[in-house]
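These notes are about the structure you will find just below.
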């Protein structure tokens with residue numbers, strides 16, 4: 001991977017995550033692919049070192065880094081041999097916490113974020129669409145035009 005143009009902070013993330021991922025060789029990922037088992041050990045290792053909160057503000061217990069650094073983390077996990085399955089297993093725990101940080105009440109943030117960042121809890125999210133439910137593979141995005149304005153239609 002060409003590393004020109006990345007910040008020093010992003011490269012530091014890459015190095016640190018690479019070291020963690022070195023403990024999970026290809027046979028670990030092959031076994032997870034075969035069994036469909038969630039990589040709890042990787043999640044635990046990342047949580048132990050504070051990486052689950054990479055993109056959360058420091059005042060909420062996170063690392064205070066940005067989405068670019070979180071993306072570097074997920075790309076590094078994927079590139080380590082984990083593939084998209086390994087990165088996706090951590091994805092929701094990094095990105096799905098953003099609405100909690102932004103829209104939850106102070107009481108909800110206090111209850112949820114420390115548990116998510118520490119790995120005690122794992123995040124998830126559901127995606128549904130009108131008329132399709134959770135069958136998103138059938139989604140055909142389109143729009144309708146009314147008075148020169150485009151409106152999404154699913």
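Residue 102 satisfies every condition listed in (1) in contact (Cβ under 8 Å) with a residue 12 or more places away in the chain; (2) farther than 28 Å from residue 32 by Cβ except (1).
Filtering the stretch 78-94 to residues that are over 14 Å from residue 119 (Cα atoms) and either touching a residue at least 60 places away in the same chain (Cβ under 8 Å) or touching a helix residue (DSSP H, G or I) at 6+ places or on another chain (Cβ under 8 Å) (or both) leaves 78, 79, 80, 81, 82, 83, 84, 85, 86, 87. Cβ-Cβ distances below 8 Å connect the following pairs, each with a first residue in the stretch 43-56 that is in contact (Cβ under 8 Å) with a residue 60 or more places away in the chain and on the phi < 0 side of the Ramachandran plot, a second residue that is surrounded by fewer than 17 Cβ atoms within 10 Å (Cβ to Cβ) and assigned to a helix (DSSP H, G or I), and a separation of six or more residues or different chains: 47/118; 52/118; 56/98. With a requirement of 2 or more residues that are exposed (fewer than 13 other Cβ atoms within 10 Å of the Cβ), the helices (runs of 4 or more DSSP H) lying completely within the stretch 71-134 that satisfy it span 98-103, 106-118.
Computed from the coordinates by the stated procedures, all read-outs in this text should not be read as laboratory data. These numbers were taken from a predicted model, which means no experiment stands behind them. Glycine also receives a Cβ, built like all others from the backbone with ideal geometry; neighbour counts cover every protein chain displayed.
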